[in-house]
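Working notes, beginning with the structure itself.
The values are calculated or read from the model by the stated rules, or taken from the named source; none is laboratory data. What you see is a predicted model, and the numbers here were worked out from it, not measured in a lab. Cβ: placed from backbone, ideal geometry, glycine included. Neighbour counts: every protein chain shown. For the accessible areas, the whole protein counts, side chains as well, though only heavy atoms, and no ligand, DNA or RNA atoms are used. Shrake-Rupley method; radii C 1.70, N 1.55, O 1.52, S 1.80 Å.
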Amino acid sequence: MRGLTKGIAKPALLWALHFTLIYALISAACAPRALLGQDHLLITAVVLTLAMAMVQIFWMWRGAHSGRRSDLNRDETALLRAGWWTGLISLIATLANLTPVLILPGCHG
């Protein structure tokens with residue numbers, strides 16, 4: 001049961017880590033010293049987003065396949081389903097984190 005509860009928390013924590021890293025990259029690129037160029041920001045943000053999205057998708061796939069076991073009771077099945085939905089919402093949020101990097105023209109106010 002504890003592993004199923006972690007399955008709900010892990011996607012949200014991965015999204016929070018991605019959110020923090022994306023905005024740290026934006027801050028580094030938009031700092032007065034420009035620690036990171038705009039091209040490097042874009043490439044790093046896209047690679048980071050794809051990597052985190054792949055982890056989210058893997059967790060969702062693994063949760064969906066373990067939910068097909070017949071030895072799970074109703075509560076465990078509900079926790080697996082909640083973990084899958086949390087993964088989907090976190091995946092969408094992770095992809096949305098990339099939006100400012102792709103849409104905004106740079107660090108100009």
Of the residues in the range 3-34, how many are over 20 Å from LEU95 (Cα atoms) and open to solvent by 40 Å² or more (accessible area, probe 1.4 Å)? 7
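When you scan the range 68-101, how many residues do you find that are of a type in the set (S, T, N, Q), closer than 15 Å to TRP15 by Cβ and not in a helix (DSSP H, G or I)?
Qualifying residue count for the region: 0.
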Residue in the range 32-43 that is free of Cβ contacts under 8 Å to residues at least 12 places away in the same chain and touching a helix residue (DSSP H, G or I) at 6+ places or on another chain (Cβ under 6 Å) present: yes
Looking at (1) within 13 Å of CYS107 (Cβ to Cβ); (2) in a helix (DSSP H, G or I), can you tell me which one LEU13 breaks? (1)
Can you give me the number of residues within the range 72-109 that are loosely packed, with under 15 Cβ neighbours inside 10 Å, touching a residue at least 40 places away in the same chain (Cβ under 8 Å) and within 19 Å of ILE22 (Cα to Cα)? 5
Answer with yes or no whether HIS18 is modelled with pLDDT under 95, assigned to a helix (DSSP H, G or I) and out of contact with any Gly (no Cβ under 7 Å at 6 or more places or on another chain). no
Tell me whether the range 57-67 contains one or more residues that are free of Cβ contacts under 8 Å to residues at least 60 places away in the same chain, among the β-branched types (Val, Ile, Thr) and buried (at least 17 other Cβ atoms within 10 Å of the Cβ). no
